[in-house]
Amino acid sequence: VQLQAFGGGLVQAGGSLRLSCAASGRTFSSYGNGMGWFRQAPGKEREFVGYMTWSGGSTFYADSVKGRFTISRDNAKNTLDLQMNSLKPEDTAVYYCAGDPRGDVYYSNSYKYWGQGTKVTVSS
């Protein structure tokens, strides 16, 4: 069971990036009721970015990214994607995907599986 996030990089403020989370060995449906994205900036705690439920494909976002970030699922590629638009310097962080939440999806401690993260740097 392995999750891997990729697609990070350096982008100027106002730009866009698309992150993907790939699962090896299992389909995403095996990861509980849904999957989430989190991020961790240097010196800060890991924070919730967004979440997608497998049933109905509902999505939830942190207020700080709402309207700018979009989570989607690519069944053909077996990836969970995070489209990030209108990026700001404060979006700079390592981004993680996580699966199989056992409690409140807004809390990182709820998740059983984690990818290794991909770094996003937004320059001003």
Exercise for review: Among Arg73, Arg102, Arg39, determine the one that fluctuates most according to a GNM of the chain built with springs between C-alpha atoms less than 10 Å apart.
Suggested key: Arg102
Exercise for review: Can you tell me how much longer the chain between Asn109 and Gln12 gets when fully stretched, taken as 0.36 nm per residue apart minus their C-alpha distance, in nm with one decimal?
Suggested key: 31.7 nm
Study note, to complete from the structure: In whole angstrom, the spacing between the Cα centers of the range 88-106 and the range 1-65 equals 6
Exercise for review: Output the relative contact order of the chain, whole-number percent, from Cα pairs under 8 angstrom with separation of 6+ residues.
Suggested key: 35
Study note, to complete from the structure: For Lys44, counting only lysines whose alpha-carbon sits under 24 Å away and dropping same-chain residues fewer than eight positions off, the answer is Lys66, Lys88, Lys112, Lys119
Review point. Quick one: how many Å² of Ser29 are accessible to a 1.4 Å probe, rounded to 10?
Key: 70
Check your understanding: What part of the accessible area of the chain, given as a whole %, is carbon or sulfur when the probe is 1.4 angstrom?
Key -> 46
Review point. Roughly speaking, what is the stretch gain from Ala76 to Arg102, that is 0.36 nm per residue apart minus the C-alpha to C-alpha distance, in nm to one decimal?
Key: 6.7 nm
Revision key, fill the gap. To the nearest Å², the heavy-atom accessible area per residue of the chain with 1.4 Å probe amounts to 51
Point to revise | Contour excess over end-to-end distance, with Cα ends at Lys119 and Glu45 and 0.36 nm allotted per residue | key: 25.1 nm
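The values are calculated or read from the model by the stated rules, or taken from the named source; none is laboratory data. Computed from a predicted model, the values in this text were never measured in an experiment. Ligands, DNA and RNA are excluded from the accessible area calculation, which covers all protein heavy atoms including side chains. Shrake-Rupley method; radii C 1.70, N 1.55, O 1.52, S 1.80 Å.
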